[in-house]
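Below is one structure, written out as structure tokens; the observations come after it.
The values are calculated or read from the model by the stated rules, or taken from the named source; none is laboratory data. Since this is a predicted model, take the numbers as computed values, not measurements. Cβ atoms come from the backbone with ideal geometry, glycine included; neighbour counts cover every protein chain shown. What goes into the accessible areas is simple: the full protein's heavy atoms, side chains included, and nothing from ligands, DNA or RNA. Shrake-Rupley method; radii C 1.70, N 1.55, O 1.52, S 1.80 Å.
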Amino acid sequence: MQKSVYLFLCSLIILLSNCTQKDTKQDVLSKIKEIDRLHTIAKNNINDSTLIYIARAEKIIHNNKNLPDTLYIENIFRKGYYYEQTKQLDSASYYFHEVINLIKLPRKRNITYFRRAWEVDFFNKRYANAVNIAEKFINVSDENQYAGDLSYAYNLLGRVNSKLGDYEKTLMYNDKVLDLTKKASKIDFYTTTAVDRAFLLYRN
């Protein structure tokens, strides 16, 4: 629900200032609602028809050039999500990478896009790709505004370095996660990271 409201509001703000005489505010609103409806169906019903709903949304987006890029990005993400849920991880990775390559500015929705991308690569042991994605997220996100989201990126960097046996870097990234989770009042994540850090110190 939060995602739908967020995308709707962002799209509406951009679009209402760019409406042509052909595209009335009501037309734009109707198209946004229909795309959001199709995306919701695609998210909640992972089956043989899912890609049909995504294709319908894509057609609306391509036929209406006044619609914002956020809807186009979300549509690509829906494809990646479908392939991830159906365990076609190479295809999922392809679309998730397409999504993050289009992102230039900080947005709350970005953490979902980036986390899906780096987790798929991490799962497939493509550690260099996962690290590059996390670092890009860090570069496009403001620490004061997105401290909680950034904690996930630094956590990923710590996990990768742990897998590679670089415990100094792992501890360094653990420290960063602790700082960010404290700043964002993410108590559960802070506690989990602190326990992991203590275990790592004990073991090494």
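Being outside any helix (DSSP H, G or I) and in contact with a Ser or Thr (Cβ under 6 Å, 6 or more places away or on another chain), is that true of even one residue in region 95-111?
Yes, because at least one residue in region 95-111 is outside any helix (DSSP H, G or I) and in contact with a Ser or Thr (Cβ under 6 Å, 6 or more places away or on another chain).
Does at least one position in region 178-189 carry a residue that is in contact (Cβ under 8 Å) with a residue 12 or more places away in the chain and open to solvent by 100 Å² or more (accessible area, probe 1.4 Å)?
Looking through region 178-189, at least one residue is in contact (Cβ under 8 Å) with a residue 12 or more places away in the chain and open to solvent by 100 Å² or more (accessible area, probe 1.4 Å).
Starting from residues that are open to solvent by 50 Å² or more (accessible area, probe 1.4 Å) and over 20 Å from A194 (Cβ atoms), keep the ones in region 144-160 and report whichever is farthest from the chain's Cα centre (by Cα).
Restricting attention to region 144-160, the residues satisfying the condition of being open to solvent by 50 Å² or more (accessible area, probe 1.4 Å) are 144-145, 152, 159.
Still in the list and also over 20 Å from A194 (Cβ atoms): 144-145.
Details: N144: 19, Q145: 16 Å.
Applying the filter and picking the extreme gives N144.
Mind telling me which of the residues A42, A92, A117 ends up being within 16 Å of A153 (Cα to Cα), open to solvent by less than 20 Å² (accessible area, probe 1.4 Å) and touching a Phe, Trp or Tyr at 6+ places or on another chain (Cβ under 7 Å)?
Only one candidate qualifies: A117.
Can you find a residue that is open to solvent by less than 20 Å² (accessible area, probe 1.4 Å), closer than 20 Å to L157 by Cα and hydrophobic (A, V, I, L, M, F, W, C) anywhere in region 47-65?
No, that holds for no residue.
Kindly indicate whether any position in region 121-139 is within 14 Å of the chain's Cα centre (by Cα), touching a residue at least 40 places away in the same chain (Cβ under 8 Å) and on the phi < 0 side of the Ramachandran plot.
Looking only at region 121-139, we keep the residues that are within 14 Å of the chain's Cα centre (by Cα), and these are 121, 130, 133-138.
Keeping just the survivors that are touching a residue at least 40 places away in the same chain (Cβ under 8 Å) gives none.
Looking for residues that are within 14 Å of the chain's Cα centre (by Cα), touching a residue at least 40 places away in the same chain (Cβ under 8 Å) and on the phi < 0 side of the Ramachandran plot, one finds none in region 121-139, hence no.
I'd like to know if region 144-151 contains one or more residues that are outside any helix (DSSP H, G or I), in contact (Cβ under 8 Å) with a residue 12 or more places away in the chain and in contact with a helix residue (DSSP H, G or I) (Cβ under 6 Å, 6 or more places away or on another chain).
The answer is no, given that none of the residues of region 144-151 is outside any helix (DSSP H, G or I), in contact (Cβ under 8 Å) with a residue 12 or more places away in the chain and in contact with a helix residue (DSSP H, G or I) (Cβ under 6 Å, 6 or more places away or on another chain).
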